[in-house]
Amino acid sequence: MLHIWGFGVRIRSHPIIDFKKRKELPFYFEKKKFVGEEGDTIASALHAAGVKTLTKSLKYDSPRGFFCGIGKCSSCLMRVNGVPNVRTCIAPLKEGITVEMQDKLGLLPDAEFFDKPKKTLQVNVLVVGAGPAGLCAALESAQHGASVLLVDENQCVGGQLIKQTHKFFGSKQERAGTRGIDIAKELENNVLQLQKEGKIQVMTDATVIGYYESDKNHRFGVVQRCEYLNSLYDVRCDAAILACGAMENMLLFPGNDLPGVYGAGAVQTLMNVYGIRPGDRVLMVGAGNVGLIVSYQLLQAGIAVDRVVEAAPVIGGYNVHAAKLRRCGVPIMTSHSIKEVCGDEKVEGAIIVRLDENWKPIKDSEEYIKCDTICLAVGLTPSTRLLSQIGVDSEYIPEAGGYVALHDDSMQTSISGIYVAGDASGIEEASTAMIEGKIAGLAAAIHLGCTKNMKLLTQYREELAHLRAGPFGEKPRIAKKKIAKMKETHHAPV
Amino acid sequence: MHQYEKTGILCTKDFQIPSEEQLKKGVAILECVQEIPCNPCVASCPVHAISMKDINAPPMNDFEKCIGCTKCVGVCPGLAIFVIKKVGKKAWVTLPYEFVPVPKVGDTVQALDRTGSLRGTALVKKVIKQGKTMVITIEIESTFAMDIRNIRV
């Protein structure tokens, strides 16, 4: 059964982004004709058409919508043109395609997966992930003479910068005061320029599927999706920089899997990248910077935010973000959390509860809130699966957000030539991710003998230390200290 | 612990307050009290009134030097700078605004305080576009000069 919501979901008027009407693309969902717009993903086009239920849970047949919106959580897998397990939240919408909900695990398709024989690519540096860290890493390596292959799963580069409509903090020389979306454009233009000069190859809609045995250097398998058929690349590189980003955390409560419960970042993607309203009234869970910023951006898109609840006794994000939300009349309730989501097959409301000083729910403090969307902004976990498969030394560092690859101050892991940067190396800000990317990119170029510019490396390290020096930099400071210490006690790079 | 860490709302003892004389001249109020790594306001100031010990220190405004030019208002990533100028029984409040629709000069809009509560009406005196941020000057009753920090169109 499908659930169709009846509100106007395309955002046409916005203070920061110019959402023009784009070319209409007809497609088929469950044998019915739908119309999306050029630039949509399959999931965003379905969302705009009122379809929020994309899959059913394996065991109880519960309806599921997407949670992360950036290709990480697998709750949007559908069959597209006969091919199952397509991550519809990142798969671009194409004219005339057939989209179906798939039976449980999905049937092995008749269509050939690999339309062509595998191709071999030889580069100095492979950069995995074209977010702030990956883009800066690729630029830095290429500018210092290394040949670079930049791979990203999405249809365009920029990572999560492309939805950051707010002006960034940081230092003036690190583009503070510039909006994330504009930084993404600038970095993209720089990459395109180097691509024209033959110094960087960019591969979008592509996934690094694994790390393989090699007689020398490093060897990765990369699959690029083309019209839902895939091409396999055998990538040989002297160094690899893994800037795979992070995934939003889920919170445990009844109803957390109903369509309409999203990661806050997923909602930010839906409204700021695809121009689609996630709902009419939102409950935000978490008052860190992500929760506060996304709440404000919901208001900017004309969506009501009922309130922000925060389990901690204090607001975790910057006061300036909290203040701008408060002066728009949005309450922020600390020592409060979500107890359960109400609704049958979709979100119709939520029950919040007050917490005592031990973070335990206080009896009879429940309150019902009417809303159709719940956003969870309760932290992120580094995406380290590829790093684990490579076999680098990893440790669980709570301050870094989970398991992270141990690395030194050049961002090199326990395996020589394998580097890490950005959220994948510990959850932090985009501004620090960009500098970490530069450090990894430059260090890789130095490692390969392309440059000897140690002075610049020192300068980047100093800039990073400056950004982390304040009280809000305490967690990453502790995390990076632990990582460096553990790296030392583990064996040296082999 | 500061109350604002719980509520998100600053009160006048949390930040630098200018004298009545300085308010008549028109000065920038920096409602940015935490140590966060950010410094574009310092570079935006044409008279070097805004200073910072280091990138994490809260900015300080030298009200004697400040000329109330409003350049910093549209620059601040935190949308946390307001210029207040007292004009007789009225006060002009210049604030950053990132919503649609954008009001026009001469429009009457709702004046909101730091909690988003409606405190009366305001007359729009100036609308300047600074990038995608609108820098809007409104006229309100002088008694509300330190309270009104937002508008609803």
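The values are calculated or read from the model by the stated rules, or taken from the named source; none is laboratory data. Given the structure is predicted, the values throughout are model-derived calculations rather than measurements. Ideal geometry is used to build each Cβ from the backbone, glycine not excepted, and the neighbour counts take in all protein chains shown.
Assorted remarks:
- 3 or more residues away from every other protein chain (no Cβ under 12 Å): qualifying helices (runs of 4 or more DSSP H) within segment B:1-97: B:20-25
- Residues that are part of a loop (DSSP other than H, G, I, E, B), small (Gly, Ala, Ser), away from chain B (no Cβ under 14 Å) and surrounded by 20 or more Cβ atoms within 10 Å (Cβ to Cβ) are absent from segment A:337-359.
- Given (1) more than 14 Å from every other protein chain (Cβ to nearest Cβ); (2) modelled with pLDDT of 95 or more; (3) surrounded by fewer than 19 Cβ atoms within 10 Å (Cβ to Cβ), number of the condition residue A:285 does not satisfy: (3)
- Of all positions in segment A:415-425, at least one carries a residue that is in contact with a Gly (Cβ under 8 Å, 6 or more places away or on another chain) and over 21 Å from residue A:135 (Cβ atoms).
- Residue among B:27, B:33, B:75 that alone is touching a Phe, Trp or Tyr at 6+ places or on another chain (Cβ under 8 Å), surrounded by 21 or more Cβ atoms within 10 Å (Cβ to Cβ) and hydrophobic (A, V, I, L, M, F, W, C): B:27
- Enumeration of residues in segment B:115-153 that are among the polar types (S, T, N, Q), more than 30 Å from residue A:333 (Cβ to Cβ), out of contact with any strand residue (DSSP E or B) (no Cβ under 6 Å at 6 or more places or on another chain) and buried (at least 17 other Cβ atoms within 10 Å of the Cβ): none
- Among (1) of a type in the set (S, T, N, Q); (2) more than 26 Å from residue A:236 (Cα to Cα); (3) touching a residue at least 40 places away in the same chain (Cβ under 8 Å) - the single one residue A:85 does not satisfy: (3)
- Within segment A:480-493, if we keep just the residues that are of a type in the set (Lys, Arg) and surrounded by 15 or more Cβ atoms within 10 Å (Cβ to Cβ), the residue that is farthest from the other protein chains (Cβ to nearest Cβ) turns out to be A:487.
- All of A:232, A:270, A:252 fail the test of being surrounded by fewer than 19 Cβ atoms within 10 Å (Cβ to Cβ) and under 30 Å from residue A:337 (Cβ atoms), apart from A:252.
- Here segment A:440-479 is the region considered, the condition is being under 16 Å from residue A:407 (Cα atoms) and touching a residue at least 60 places away in the same chain (Cβ under 8 Å), and the residue that is nearest to the other protein chains (Cβ to nearest Cβ) is A:476.
- Scope segment B:98-150; condition within 18 Å of residue B:23 (Cβ to Cβ), in contact (Cβ under 8 Å) with a residue 40 or more places away in the chain and in a strand (DSSP E or B); matching residues: B:111, B:137, B:138, B:139, B:140, B:141, B:148, B:149
- Whichever residue in segment A:372-401 is touching an Asp or Glu at 6+ places or on another chain (Cβ under 9 Å), in a loop (DSSP other than H, G, I, E, B) and not charged (D, E, K, R) and, among such residues, is farthest from residue A:69 (Cα to Cα): A:401
- Verdict on residue B:153 being over 11 Å from the mean Cα position of the chain (by Cα) and within 13 Å of chain A (Cβ to nearest Cβ): yes
- In segment A:360-371, residue nearest to the chain's Cα centre (by Cα) [restricted to those that are in a loop (DSSP other than H, G, I, E, B) and under 20 Å from residue A:250 (Cα atoms)]: A:371
- Contacts under 9 angstrom Cβ, first residue in segment A:359-382 being free of Cβ contacts under 8 Å to residues at least 12 places away in the same chain, partner of a type in the set (Lys, Arg), 6 or more apart: A:362/A:354
- Looking across B:81, B:55, one residue alone is crowded, with 16+ Cβ neighbours inside 10 Å, without any contact (Cβ under 8 Å) to a residue 40 or more places away in the chain and within 20 Å of residue B:36 (Cα to Cα). It is B:55.
- Filtered by the rule that a residue be more than 9 Å from every other protein chain (Cβ to nearest Cβ) and touching a Lys or Arg at 6+ places or on another chain (Cβ under 6 Å), segment A:304-330 gives A:304, A:306.
- Flag if residue A:404 is of a type in the set (A, V, I, L, M) and in a loop (DSSP other than H, G, I, E, B): no
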